[in-house]
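Following: one structure in C-alpha cells, then a few remarks.
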Amino acid sequence: MYQALYRKWRPRTFDDVVGQSHITDTLKRQVETGRLSHAYLFTGTRGTGKTTCAKILSRAVNCEHPVNGNPCNQCPSCLGIENGSILDVLELDAASNNGVDQVRALREEAVYTPAAVRKRVYIVDEVHMLSTAAFNALLKILEEPPEHLMFILATTELHKVPATIKSRCQQFAFKRILPGDIAARLAYVARQEGMELRGEGANLLARLADGGMRDALSLLDQCATPDGPIGEQEVLDALGLAGNLETACLLEQIGGGDTAAALETLARLYGAGKEMGSLLGELSALVRDLLVRKTAPKGGAALLTGGYDENTMRKLSNLFQTPRLVQMLSILQTTLAELSRSGNRRTDTELCLIRLCDPALDESLAGLNARLSRVEELLAGGVPATCAVPPAQQKRTQRPIQQQPEDLPPWEEERPPLPEEPGEPVGYEPEPPVQTIPPVQAPRSARPEASVQPAPERQASALADLWPGLVTALRGKFPAVYPFLSNPSAVQGVLDAGTLTLWVDNPFTQNMVGTPAVLEALAKLAGAQTGGAVRCVVKVGAPPKQAPAVSDAGEQEHDNLEDLLALGQQFDNIIIQE
C-alpha cells in the first residue's frame with residue numbers, strides 16, 4: 001500500500017528535524033542529562049515539526065539505548081511505541097476529545113504506573129480545542145503529576161490556551177522553516193524516491209509551502225511524475241498556478257491601466273485551468289514584495305519571497321507608488337477573503353482587476369490617498385494633472401484686457417479685492433449694471449478709426465479678439481496646458497511687429513506653456529489669422545501698456561465712454577445719469 005511522502009519521510013530522530021535546531025538541541029540535552037520536565041507545550045504553525053518532535057521525545061525518554069539524546073529506534077521500547085503496540089504512550093486529538101469527561105477519564109488512568117516502559121506519555125494535539133471545563137480538570141494533575149507521567153501539548157493557536165496551563169509547561173516555539181532548508185530536504189527525498197527534481201522546481205515548491213515541511217512534501221507528492229523531470233513548469237501545471245512571468249505581465253498591465261489587456265490575460269489563464277484564488281494569491285504576493293521593497297529597500301531584501309529577478313522587480317516598482325501598492329494590496333486581500341463565499345469566482349476576480357486598473361473606481365480612503373499621491377507626484381515633476389473644467393466656465397468667453405491710460409486718477413484704476421469681499425463664484429456671469437450714457441460725439445474724421453491706427457495698434461486690437469480663439473483651439477491638442485492659457489491672470493498674449501509674446505506670471509507657468517510644441521502651434525494659428533509669419537516667445541512679467549490712439553491732428557484721443565464703462569464695472573451700484 002502506498003504511503004504519503006510526509007508520513008514516509010517523517011523524521012525519526014532529533015537530528016533529522018529540519019530548521020528547528022534551537023529546540024532539538026535543548027531536548028537532546030535534557031534527555032542526555034535526565035533533566036526532563038513533566039509537561040511541554042509546543043507551539044507554531046502547521047507542518048513545522050511539533051507532533052514529530054513530540055513522538056521523538058516520547059521514544060527518547062523511554063529508549064533503552066539512547067544515542068546523544070536521540071532514540072535508537074531499534075530497542076523494543078522504541079519499536080513498540082512507533083508501531084503503537086505499547087499503550088503507555090497515547091496520542092490524543094483534543095478536537096474530538098475536548099469534553100470534561102474525557103479529561104477526567106485520562107486523569108484517573110494517568111495515576112497508574114506504565115506496564116512496558118519507564119514513563120507514561122500523553123501527547124495532546126491541538127490542545128487549544130479543549131473546553132474551559134476540560135482545561136480546569138487538567139490543571140491539578142498537570143501541576144503535580146506522578147513521577148512516571150509526562151504531558152506533551154501541541155497547538156497552532158497559543159492565544160487560546162489559558163495562562164494557567166502555559167505557566168505549568170515548558171514552552172517551545174517552532175518557527176517557519178526557511179525556503180532554502182525546505183528545498184534541500186525536498187531534493188534529498190526526491191533522490192531517495194527516484195524522482196528527478198530540478199532546482200527551480202524545488203525552489204518553487206519551497207516558496208509555496210510557506211514554511212511548512214509537511215505542505216512541501218505533499219506538494220511534491222502531487223507533482224510527482226514517473227516519466228520525466230519535475231521543473232518549474234511541471235509544478236505550475238500540476239498545481240494550477242499562473243507562474244511568475246504571467247503574474248508579472250498581469251501586474252504590468254494593471255500598472256499601465258490597460259483594463260482590456262488584463263481581462264484578456266485573465267480569460268486566457270481561466271481557460272487554461274488556472275484557479276482564481278491561486279492567481280490572486282500570486283498577485284498579492286508580488287504586490288507585497290513590491291511594497292516591502294519600496295518601504296524597506298535595504299533591510300527588506302531578506303523579507304522578499306525571491307521568486308522574481310531584480311530587473312523585473314525594478315521595472316514593476318517604477319510603475320507604482322507606496323500608497324497605490326497599499327490600496328492594491330487591500331483590494332486583493334479583501335477579494336481573497338470573500339472568494340470562498342463567492343457564487344461566481346471568475347466574476348469577482350474580474351471586478352477586482354477592473355478596480356485595480358482604474359483607481360478612480362475605488363471610493364475608499366486608501367483609493368483617494370493613492371490618487372492624491374499621484375497628483376502630487378505629477379505636480380512635483382512639473383507636469384500638472386488635467387482637471388475637468390465646469391461647463392459653465394467653458395462657455396465663458398475671455399474678455400480682452402483693456403489697457404488703461406497712464407494718466408487715469410487713482411480712483412479709476414483697478415484695485416485687488418479686499419479680504420472681506422466675497423470672491424466671484426466659478427461660472428457666474430454678473431449682469432451689466434443699468435447705466436445712462438451721455439451721447440457720444442461723432443469722430444472728427446469720416447474715415448474709420450481703424451484706418452488711422454498704426455500697424456502695431458491694429459495688431460494689438462485684432463489680438464484682443466483673436467487670443468480667446470487661439471486658446472480655445474489648443475484645448476483639445478494640449479489639455480494639460482489649457483488651464484494655464486485660459487487663465488488671464490496667468491498668461492496674456494500680446495502681438496507686436498509679427499511677434500506673439502506670452503506674458504506669464506511666474507517661471508513655473510513659463511516652463512509649462514513654453515514648450516516648443518505649444519509655441520509652434522500658437523505661431524501657426526496666429527499666422528493663419530493675421531495672414532503673415534508670426535514668431536511666438538514667452539516672457540515672465542506684466543505686458544507693457546499700449547499707447548492711446550492718435551487722431552489725425554496728432555492729438556491723443558480719450559474715450560470717455562470707455563472710462564465710464566470701466567468705472568461702472570468696478571462699482572455696480574453707481575448709475576450714471578445725463
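The values are calculated or read from the model by the stated rules, or taken from the named source; none is laboratory data. Computed from a predicted structure; not experimentally measured. Heads up, the Cβs are rebuilt from the backbone with ideal geometry, glycines too, and the neighbour counts pull from every protein chain shown.
Using the structure shown, decide if GLU264 is among the acidic types (Asp, Glu) and at pLDDT 90 or above.
Yes: the conditions hold for GLU264.
Scanning the range 57-81 for residues that are under 14 Å from LYS119 (Cβ atoms) and β-branched (Val, Ile, Thr) yields a count of 2.
Yes or no, residue by residue, for (1) within 24 Å of HIS128 (Cα to Cα); (2) assigned by TED's automatic domain parsing to the domain that holds GLU193; (3) in contact with a helix residue (DSSP H, G or I) (Cβ under 8 Å, 6 or more places away or on another chain):
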position	(1), (2), (3)
THR13	no, no, yes
VAL17	no, no, yes
ILE23	yes, no, yes
ARG29	no, no, no
THR33	no, no, no
PHE42	yes, no, yes
THR52	yes, no, no
ILE56	yes, no, yes
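Given the residues ALA360, ALA370, ALA392, ALA302, which is the only one that is part of a helix (DSSP H, G or I), modelled with pLDDT under 85 and either buried (at least 16 other Cβ atoms within 10 Å of the Cβ) or among the aromatic types (Phe, Trp, Tyr) (or both)? It is ALA370. Looking only at residues in the range 141-154 that are in contact (Cβ under 8 Å) with a residue 24 or more places away in the chain and surrounded by fewer than 19 Cβ atoms within 10 Å (Cβ to Cβ), the one that is nearest to GLU64 (Cα to Cα) is HIS148. Filtering the range 114-135 for residues that are aliphatic (A, V, I, L, M), exposed (fewer than 15 other Cβ atoms within 10 Å of the Cβ) and assigned to a helix (DSSP H, G or I) leaves a non-empty set.
Would you be able to say whether some residue in the range 101-111 is touching a Pro at 6+ places or on another chain (Cβ under 9 Å) and within 16 Å of LEU142 (Cβ to Cβ)? Yes, that holds for at least one residue. Using the structure shown, decide if LEU356 is free of Cβ contacts under 8 Å to residues at least 40 places away in the same chain and either within 17 Å of the chain's Cα centre (by Cα) or not assigned by TED's automatic domain parsing to the domain that holds ASP258 (or both). It is false that LEU356 is free of Cβ contacts under 8 Å to residues at least 40 places away in the same chain and either within 17 Å of the chain's Cα centre (by Cα) or not assigned by TED's automatic domain parsing to the domain that holds ASP258 (or both). Across the range 136-170, the qualifying residues are those that are polar (S, T, N, Q), outside any helix (DSSP H, G or I) and touching a helix residue (DSSP H, G or I) at 6+ places or on another chain (Cβ under 8 Å), and the one among them that is nearest to GLY80 (Cα to Cα) is THR155. Quick check, is ALA110 surrounded by 14 or more Cβ atoms within 10 Å (Cβ to Cβ) and of a type in the set (Gly, Ala, Ser)? Against the criterion (surrounded by 14 or more Cβ atoms within 10 Å (Cβ to Cβ) and of a type in the set (Gly, Ala, Ser)), ALA110 qualifies. Could we say that VAL61 is out of contact with any His (no Cβ under 9 Å at 6 or more places or on another chain) and free of Cβ contacts under 8 Å to residues at least 40 places away in the same chain here? Considered against the rule, which asks whether it is out of contact with any His (no Cβ under 9 Å at 6 or more places or on another chain) and free of Cβ contacts under 8 Å to residues at least 40 places away in the same chain, VAL61 comes out as no. Among the residues of the range 184-205, is any at pLDDT below 90, of a type in the set (Phe, Trp, Tyr) and not assigned by TED's automatic domain parsing to the domain that holds THR156? No, that holds for no residue.
When you scan the range 84-95, do you find a residue that is touching a His at 6+ places or on another chain (Cβ under 8 Å), assigned to a loop (DSSP other than H, G, I, E, B) and under 14 Å from ALA154 (Cα atoms), even just one? Within the range 84-95, one or more residues are touching a His at 6+ places or on another chain (Cβ under 8 Å), assigned to a loop (DSSP other than H, G, I, E, B) and under 14 Å from ALA154 (Cα atoms).
Taking the listed residues LEU219, LEU245, LEU205, the one that is without any contact (Cβ under 8 Å) to a residue 12 or more places away in the chain and under 27 Å from ASP289 (Cα atoms) is LEU245, with no other qualifying.
Filtered by the rule that a residue be surrounded by 16 or more Cβ atoms within 10 Å (Cβ to Cβ) and farther than 19 Å from LEU149 by Cβ, the range 76-99 gives CYS78, GLU82, ASN98. Being of a type in the set (S, T, N, Q), under 17 Å from SER37 (Cα atoms) and not assigned by TED's automatic domain parsing to the domain that holds ARG185 holds for only one residue in ASN83, ASN70, ASN98, and it is ASN70. Would you mind stating whether ARG288 is assigned by TED's automatic domain parsing to the domain that holds PRO323, surrounded by fewer than 16 Cβ atoms within 10 Å (Cβ to Cβ) and in a helix (DSSP H, G or I)? Spelling it out, it is not the case that ARG288 is assigned by TED's automatic domain parsing to the domain that holds PRO323, surrounded by fewer than 16 Cβ atoms within 10 Å (Cβ to Cβ) and in a helix (DSSP H, G or I).
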